[in-house]
Every structure is written in C-alpha cells, then in structure tokens.
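Worksheet for the structure shown next.
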Amino acid sequence: MKYYSTNRQTPPVSLAEAVKNGLAPDRGLYMPERIPRLPGEFFDRIADMDFISMSSVVARAFFGEDIPADDIDRIVRDTLSFDTPLVEVEDGIRSLELFHGPTMAFKDVGGRFMARMLSCFIGDGGTGKVTVLVATSGDTGSAVANGFLGVEGIDVVVLYPSGKVSEIQEKQFTTLGRNITAIEVMGTFDDCQRIVKTAFLDSDLNGKFTLTSANSINVARFLPQTFYYFNAFAQLKRLGIGDAPVFCVPSGNFGNLTAGLVAARMGLPVKRFVAANNINDVFLEYLRTGTYRPRPSVRTLANAMDVGDPSNFARILDMYGGSVESIRHDIVGCRYTDDDIRRTVRDVYERTGYLLDPHGACAYSGLKDSLCPGETGIFLETAHPAKFRETVSGIIGAPVPVPDNLRKFMSGEKKTVIIGNTFGEFKCYMQSGKCAG
Ligand SMILES: *Cc1c(COP(=O)(O)O)cnc(C)c1O
C-alpha cells in the first residue's frame with residue numbers, strides 16, 4: 001500500500017518511507033491510499049476475539065502488503081502487553097481506560113508499535129542509525145522514549161517545553177539515559193513542534209542524520225490507535241450492547257480522534273464523535289465558523305491538549321475533502337475551562353468514586369453534555385490520574401496513590417540539555433553537541 005501526502009505536492013511513498021520520513025517533504029501528513037473496509041463477519045465475531053487477535057486483523061488490513069503477516073502479528077503482540085478495559089462510570093457512560101501501559105497514557109500503544117515497526121525496517125534495509133525526533137507536551141515523550149529504550153540502531157531526541165509538563169511526566173523521559181536524550185526548550189509545546197518540523201526540512205541535519213519523527217503525525221503511531229476503538233466495541237458487544245456508541249475524545253493534536261475516524265471508515269459502528277477541547281479550542285471554532293485559525297497555545301490543567309495548531313487537522317480535512325459540513329455531520333465539538341475540569345473531577349469522584357485525570361475530565365464532560373437519552377457513550381480516558389497527581393489530589397483534597405509503574409521512574413536523576421526556543425539553537429546542538437545551555 002502506498003502513502004500519499006495530504007498536500008499532494010510529492011509522489012506517494014512506500015510504508016517504510018512514510019514511517020522513516022514522518023512528515024512528507026511538502027510538509028503534508030501521510031495517509032494510506034486506501035482505508036480498507038473490514039468484512040461484516042469480523043464485526044459479527046469480534047466479541048469472541050481478544051484484543052491482540054482483533055488488532056492483528058486491523059493491522060494486517062493496512063500493513064499486510066508490506067510486512068509479512070507473522071511479523072505484523074509479533075509487533076501487535078509485543079505492543080499490546082496491556083488491555084484497554086471499558087469501565088462503567090455511570091448509567092450509559094463508560095470510560096475506555098487507555099492508561100494501563102508502561103507509561104500509563106494512551107500513547108504507549110502508538111509509541112510501542114512504531115518502535116517495533118521501525119526496527120523491523122532498519123533491520124532489513126541496512127540503513128544504519130536512525131534518529132527519532134519527538135516534540136512532546138508530556139505523554140508522547142515518555143511513551144516514545146520508553147518504547148524505544150535500548151532499541152539497537154535508534155537514537156531518540158525528545159524536545160519538551162521547560163516547566164510545562166508534570167514532574168512524573170518529565171521523569172519518564174529525562175532519567176532514562178542510554179539512547180534517549182531530553183532537550184528542555186525554553187518555550188512552548190508549539191515551539192518544540194515547530195523546531196521538529198523545521199528539522200525535517202533542513203538539508204544540513206538531514207545530511208548528517210537519518211531523521212524520523214515519532215509524533216502522532218507518523219503513520220506507524222497514528223494507525224495503531226484504531227485498535228482500541230475496536231476493542232471498545234467488542235467489550236460493548238460482550239455486555240449485550242449492539243448499538244453504535246458515541247465516542248468522546250480529549251483532543252490536542254487530534255491523532256487519537258482521527259484514528260477513530262479511520263476505524264469508523266473501516267466499518268466500526270460509531271454514532272458520532274465528540275472532540276473535547278480545553279480552552280485551546282481552534283477545532284471547535286472551526287466547526288462553528290468554518291474557518292481554521294491556528295493560534296498560540298495557552299497552558300491549562302489538561303496540558304497534553306494545549307495545542308494551538310493541531311497537526312492532524314490536515315488529515316481530518318483530507319478525509320472529508322475539505323468540507324466543514326461533512327465534518328460537522330460526524331464530529332461535534334466542545335470546550336472546557338480549568339474550572340470546569342476541576343468541578344468535573346471533584347463531582348464525578350464524589351458521586352461515583354471514579355477518579356478522572358484532567359484530560360479524561362474534558363472527555364467525560366463532552367460525552368455527558370452531548371449524549372441523548374438511550375445513547376451509549378464511551379469517553380477515552382487517556383492517562384492515569386496519578387500522572388497529574390499534584391493537580392488531581394489538590395482538586396479532590398486527598399492523596400492520589402501512585403501505581404508501581406510510575407513510582408519506578410521517580411527515583412531516577414533528571415538529565416537534560418537546555419536550549420532556547422529557536423531552530424537555530426537546536427541545529428547548533430545537534431551539529432556540535434556543545435551549544436546548549
Ligand atoms: C496526547 C494526549 C492527548 C491528546 O491526544 P491527541 O492525539 O494529540 O489529540 C490527550 N490526553 C492525554 C493524556 C495525552 O497524553
């Protein structure tokens with residue numbers, strides 16, 4: 001299967017190239033030339049399949065022409081070392097818990113999958129060392145760094161905005177050492193993302209390094225995020241609920257939501273999607289006005305959603321031929337302030353005992369506010385609340401227990417390279433290793 005650029009200014013490429021390039025040379029995002037439709041019998045028997053088997057079917061539909069089936073199955077099996085359980089929070093509202101992986105955020109799925117797929121391409125291509133560049137607002141860095149830790153032939157460079165990620169998040173990618181370097185940027189997440197995007201277009205850096213991206217723009221991270229939408233549906237069916245659910249997705253760069261759209265095109269029954277934003281609500285504004293106006297991000301309690309120019313917006317536009325009317329047909333939007341988030345975390349905890357993280361709180365609210373009587377709703381709980389324990393324990397007035405998965409990162413020593421918010425400083429560091437801080 002070929003992958004085309006959403007900007008359509010460069011020819012389509014193979015899967016291996018799309019994964020290694022990350023971003024297309026014309027700055028577009030790669031999309032599979034076809035979104036395969038899964039047969040009806042897959043959905044008839046999905047309730048009898050486990051997460052790994054159903055995900056192998058999905059993965060083979062995309063990657064089957066390019067990677068041997070056994071390798072796909074192995075990558076899927078190694079990636080999904082954890083489940084994504086559907087937990088009832090209250091009548092009609094269920095949480096799809098995506099935080100049971102090693103770094104306790106949904107990005108473990110894409111991060112682990114991409115690491116395994118990339119090493120499969122490096123293995124047989126003999127292309128030498130690859131440097132993975134990743135900009136993170138918190139959870140991507142940890143998922144990617146841990147997914148790639150110790151993987152032969154790959155170096156990872158994580159850029160993150162100084163002081164704008166939680167302590168636990170920071171520890172998860174600044175204490176690893178080995179093939180992982182953390183760069184602390186004196187700026188915003190958008191600065192980090194801009195630096196990474198510029199790096200891919202810089203001929204000097206590309207001459208010296210084989211660069212690839214592990215942001216949600218990479219198809220090897222983006223497409224595996226379809227897996228857990230199917231898993232959610234299978235769990236509903238096991239409960240005897242055959243309705244097409246409403247999915248509410250807490251959105252930043254919109255990779256997670258776009259994967260849901262892809263799953264729906266593959267045939268997954270979905271009533272509609274709700275895109276939950278915090279006050280960084282350029283997408284909601286687009287739905288309302290039909291005009292997309294990126295703007296600088298603002299810091300909120302749900303920091304992984306602090307994105308002012310969501311990169312996967314290009315994919316959504318592409319999937320709907322640029323028609324805002326068609327997009328409105330499938331996706332509704334909503335926005336929540338930090339006060340809303342606090343109120344929701346407290347209220348849901350007191351009423352039901354379920355502890356949301358700030359991102360999940362936006363998603364819960366978005367679902368609750370959108371759901372009509374009789375509809376089945378699922379919100380994506382994208383991180384464990386302990387990843388934001390200072391915030392969450394402040395809200396509920398009680399300590400948040402830290403699971404062992406997270407505790408083991410806390411004792412490590414933070415090591416970073418500090419740079420300003422310009423591409424020039426980043427380039428200088430990469431070229432000489434001496435210009436920092
Ligand atoms: C990354 C992230 C999001 C946003 O996901 P996108 O795919 O960028 O829209 C939401 N919640 C958490 C906890 C995240 O880490």
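For residues in the range 264-285 being away from the ligand (no atom under 14 Å from the Cβ) and in contact with a strand residue (DSSP E or B) (Cβ under 9 Å, 6 or more places away or on another chain), which is most open to solvent (accessible area, probe 1.4 Å)? I'd like the intermediate steps shown before the answer.
Step one: filter the range 264-285 for residues away from the ligand (no atom under 14 Å from the Cβ), giving 264-272, 279, 285.
The next check asks that each one be in contact with a strand residue (DSSP E or B) (Cβ under 9 Å, 6 or more places away or on another chain); those that pass are 264, 270-272, 279, 285.
On the way: Ala264: 31, Val270: 35, Lys271: 115, Arg272: 39, Ile279: 54, Glu285: 50 Å².
It comes out as Lys271.
Looking only at the range 390-411, decide whether some residue is under 20 Å from the mean Cα position of the chain (by Cα), open to solvent by less than 10 Å² (accessible area, probe 1.4 Å), modelled with pLDDT under 95 and within 16 Å of the ligand (Cβ to nearest atom). Steps first, please.
As a first pass, look at the range 390-411 and keep what is under 20 Å from the mean Cα position of the chain (by Cα): 405-406.
Pick out the ones that are also open to solvent by less than 10 Å² (accessible area, probe 1.4 Å) and you get 406.
Those still in the list that are modelled with pLDDT under 95 too: 406.
Now narrow it down to the ones that are within 16 Å of the ligand (Cβ to nearest atom): 406.
Yes, the range 390-411 has at least one match.
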Inspect all residues belonging to the range 295-312 and state whether any of them is more than 12 Å from the ligand (Cβ to nearest atom), out of contact with any Asp or Glu (no Cβ under 9 Å at 6 or more places or on another chain) and without any contact (Cβ under 8 Å) to a residue 24 or more places away in the chain.
no
Looking only at the range 336-355, how many residues end up being open to solvent by 80 Å² or more (accessible area, probe 1.4 Å) and among the hydroxyl-bearing types (Ser, Thr, Tyr)?
1
Since Arg94 meets every condition but one in (1) of a type outside the set (Phe, Trp, Tyr); (2) buried (at least 20 other Cβ atoms within 10 Å of the Cβ); (3) over 28 Å from Gly353 (Cβ atoms), which condition does it not meet?
(3)
Whichever residue in the range 93-125 is over 15 Å from the mean Cα position of the chain (by Cα) and at pLDDT 95 or above and, among such residues, is nearest to Val19 (Cα to Cα)
Ser95
Which residues, taken from the range 195-218, are surrounded by fewer than 23 Cβ atoms within 10 Å (Cβ to Cβ) and within 16 Å of the ligand (Cβ to nearest atom)?
Lys197
Mind checking which pairs have a first residue in the range 321-339 that is without any contact (Cβ under 8 Å) to a residue 60 or more places away in the chain and a second that is basic (Lys, Arg), Cβ under 9 Å, 6 or more apart or different chains?
His329/Arg272; Gly333/Arg288
Can you name every residue in the range 286-322 that is open to solvent by 60 Å² or more (accessible area, probe 1.4 Å) and under 30 Å from Glu167 (Cα atoms)?
Pro294, Arg295, Pro296, Val298, Arg299, Asp309
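Here is a check on your reading of the model: is Ser137 under 21 Å from Val392 (Cα atoms), buried (at least 24 other Cβ atoms within 10 Å of the Cβ) and not hydrophobic (A, V, I, L, M, F, W, C)?
Values: under 21 Å from Val392 (Cα atoms): yes; buried (at least 24 other Cβ atoms within 10 Å of the Cβ): yes; not hydrophobic (A, V, I, L, M, F, W, C): yes.
Yes, satisfied.
This table checks each residue for (1) within 12 Å of the ligand (Cβ to nearest atom); (2) open to solvent by 10 Å² or more (accessible area, probe 1.4 Å); (3) touching a Ser or Thr at 6+ places or on another chain (Cβ under 8 Å).
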residue	(1), (2), (3)
Gly101	yes, no, yes
Ala105	yes, no, yes
Phe113	no, no, yes
Leu118	no, no, yes
Lys129	no, yes, yes
Ala145	no, no, no
Gly153	no, yes, yes
Glu167	no, yes, no
May I ask you to list pairs of residues, at least six apart or on different chains, whose Cβ atoms are under 9 Å apart, with the first in the range 95-106 being farther than 18 Å from Phe247 by Cβ and the second being more than 8 Å from the ligand (Cβ to nearest atom) and of a type in the set (Lys, Arg)?
Gly101/Arg112; Pro102/Arg112
What number of residues within the range 1-45 are of a type in the set (D, E, K, R), under 19 Å from Met117 (Cβ atoms) and at pLDDT below 95?
2
In the range 228-239, is there at least one residue being more than 16 Å from the ligand (Cβ to nearest atom), open to solvent by 10 Å² or more (accessible area, probe 1.4 Å), aliphatic (A, V, I, L, M) and closer than 28 Å to Asp50 by Cβ?
yes
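The values are calculated or read from the model by the stated rules, or taken from the named source; none is laboratory data. Not measured: the values here are computed from a predicted model. Ideal geometry is used to build each Cβ from the backbone, glycine not excepted, and the neighbour counts take in all protein chains shown. Calculation scope for accessible area: heavy atoms of the full protein, side chains included, ligands and nucleic acids excluded. Shrake-Rupley method; radii C 1.70, N 1.55, O 1.52, S 1.80 Å.
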